1. Give me the Å³ per residue figure for the convex hull around the C-alpha atoms of the stretch 2-65.
2. Going down the table (K132/K295; K117/K162; K63/K190; K132/K156; K23/K132; K56/K196), which pairs top 30 Å between alpha carbons?
3. Would you mind putting 232-241, 171-180 in packing order, based on average other-beta-carbon counts within 10 Å, highest first?
4. For the stretch 130-207, just say rounded, prolate or oblate: build the C-alpha gyration tensor, square-root its eigenvalues into a ≥ b ≥ c, call rounded for a/c under 1.5, and beyond that prolate if a/b exceeds b/c, oblate if not.
5. Quick one: which residues, 5 or more positions from N180 or on another chain, have an amide H under 5 Å from its amide H? H modelled 1.01 Å from N in the peptide plane, none for Pro or chain starts.
6. Measuring from label point to label point, each 7 Å out along Cα→Cβ, what is the N66 to D298 span in nm?
7. Rounded to whole Hz and in sequence order, give me ³J(HN,Hα) for the stretch 194-207 from the Karplus expression 6.51 cos²θ - 1.76 cosθ + 1.60, θ = phi - 60°, writing x for Gly and Pro.
8. Mark the label point 7 Å from the Cα of Y75 along Cα→Cβ and return the residues of the stretch 44-67 whose backbone N is within less than 17 Å of it.
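Any read-out appearing in this document is the output of simple, stated calculations on the displayed coordinates, not a laboratory observation. Here the structure is a predicted model, which means the values were calculated and not measured. Cβ sites come from the backbone with ideal geometry, for glycine too, and all protein chains shown count toward neighbours.
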Amino acid sequence: MAKEKIEYKITDLPGVGPALASKLEAAGVTDLMGIAVLSPPELSNISGCSEAVARKAIQSARKMLNLGFEDATEYMKKREELLTITSGSRNLDNLLGGRGVETRAITEAYGAFGSGKTQLAHCLAVNVQLPKERGGAEGKAVWIDTEGTFRPERVKQIAEAKGLDPSKAMKNIFVARAFNSDHQMLLVSKVADMIKEGETIKVLIIDSLTAHFRAEFSGRGMLADRQQKINKHLHELMRLAEQYGIAIYVTNQVMANPALLFGDPTTAIGGHIVGHASTYRIYLRKGRKDSRVAKLIDSPNLPESECVFFIDKGGLIDLEVAAEE
Ligand code: ADP
Ligand code: MG
């Protein structure tokens, strides 16, 4: 698990000194990836440097990060090497591509109260600690809790069911309560620091991603501001996922959409913006006989489909018999 990559700082880029770096930092650009994804006019705009300097810095950042084209076999190989985290349910893992929640991706679960979003979060926080052969990523979890629904008792139960030492399992989960959306975003930036300091964090859970944003930007006229802020938050999350190879699992509430006459009359808060940034998006609902139904919504590489699982004392499980009915 040694770090094989050299970590460059933005001040390693040509033309980027401490003064420019602090301007960039103030604008939220703190690493090479942040620069690599900009265009020269954008970078020049934020930092005040010339476009020529900006172009050079961007090119260097892309080179240092090894961004560019690669052939499809290389790409495939990289995907096969991605770490994944089992949900505990084979059905749900299969729905998500075979091995559960992926690192370097955001998985969003949305659904009504009681649909199992937080239960899945507990399972991921424990299962991430499992050895790779057992569907884990041999890492730790960070849990940003906005609703006060993290339950150490559940961690204990699930850990026991998986044969892990419950007290060790709890030590490997860092929990913080976010008091508002700014605090939530600040906590995300702290996760990067923790990883840099050597914590082997492999999953970041935000439960719920949207609750604070919804409460703080509740007026109709505030919708655009809310979306913009959620968008920024999601981009930071994507960057974190990419840069440090971690899985990000976020939950999202649903609201009644009176404009919808057919189908399921619920829509995820945050609408399209959240939908597009998430790499995997699942809709959870209660099914027959205490089952839960998960539906995969617009994934880049998987067909839209559904599966059934159950919530058990030891986490998520499959019960073939009951699912048949
Ligand atoms: P939400 O989508 O609102 O986050 P939760 O993930 O909290 O929903 O799911 C809550 C449901 O999980 C409960 O209604 C219950 O059915 C189920 N559940 C919670 N704990 C257990 C347990 N120990 N054993 C079985 N089912 C449980
Ligand atoms: Mg919940």
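1. Cα convex hull per residue, to the nearest whole number: 75 Å³.
2. Too far apart for the 30 Å limit: K23/K132.
3. 232-241, 171-180
4. In terms of gyration-tensor shape, oblate.
5. none
6. Result for the modelled spin labels: 3.2 nm.
7. Using θ = phi - 60°, the values come out as 4, 5, 4, 7, x, 5, 8, 6, 10, 9, 10, 10, 10, 10 Hz.
8. Label zone hits: 66-67.
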